[in-house]
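This report concerns only the one structure given below.
The values are calculated or read from the model by the stated rules, or taken from the named source; none is laboratory data. All values reported here derive from a predicted model rather than from experimental measurement. Glycine also receives a Cβ, built like all others from the backbone with ideal geometry; neighbour counts cover every protein chain displayed. For the accessible areas, the whole protein counts, side chains as well, though only heavy atoms, and no ligand, DNA or RNA atoms are used. Shrake-Rupley method; radii C 1.70, N 1.55, O 1.52, S 1.80 Å.
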Amino acid sequence: MQEEVENRAVNLAISTTKLTARTVMNGVRLFLNHRSKVKVQKAQKAAEGPHGKQSVRQLIGQNQGVSTIPIAETDLKGFEKVAKKYGVDFAIRKDSSVSPPRYTVFFKARDTDALASAYKEYSAQAMQRAKRPSVRKQLAKLIAFTASIPSKVRQKSQEHSL
């Protein structure tokens, strides 16, 4: 019983110079109005359905038609980031029967234009990533270069004279 009361407790902070019953009632009324607006917003979001990355079953269950694009890349996080940016509802399925594994992106048919621009941006990012020089190769070159430099031998000896 005590836990139920604690879970349903509400903290209400009212900034006033003189605390009266009227200010408390106004504070409670504002809180109740806020809660009702939040409930309406949650109900609207639930009616719209899920957004972003979903399972294939959820995507097909929205009855809006589904299209696919094959992706050979394994950098799916980059694609997900770009798809979120464009507000595309999508699902990714891995086909491991092929070596290397092939990924297929399912998306709503109405999101075709948004997904095309998202895919274009993703492929441009992948091309830029491919053009960048490898940090490990640069590091290996620097190690070889520093090894070829003759080292200076320092002799630390102190002479004491009287």
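Pick out the one residue from Val28, Val66 that is at pLDDT 85 or above and open to solvent by less than 80 Å² (accessible area, probe 1.4 Å).
Details: Val66 fails: at pLDDT 85 or above.
Criteria check complete, one pass: Val28.
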| field | Tabulated pairs, segment 44-62, first open to solvent by less than 100 Å² (accessible area, probe 1.4 Å), second among the polar types (S, T, N, Q) and at pLDDT below 85, C-beta under 7 angstrom, 6+ apart or interchain | value | Gly49/Gln62; Pro50/Gln58
| remark: Restricting segment 144-161 to residues that are assigned to a helix (DSSP H, G or I) and open to solvent by less than 100 Å² (accessible area, probe 1.4 Å), the one modelled with the highest pLDDT turns out to be Ala144
| query | In segment 95-108, how many residues are open to solvent by 40 Å² or more (accessible area, probe 1.4 Å) and either in contact (Cβ under 8 Å) with a residue 12 or more places away in the chain or touching a Ser or Thr at 6+ places or on another chain (Cβ under 8 Å) (or both)? | reply | 5
| When you go through Ala118, Ala43 one by one, which is the residue that is within 30 Å of Arg8 (Cβ to Cβ), modelled with pLDDT of 80 or more and outside any strand (DSSP E or B)? | Ala43
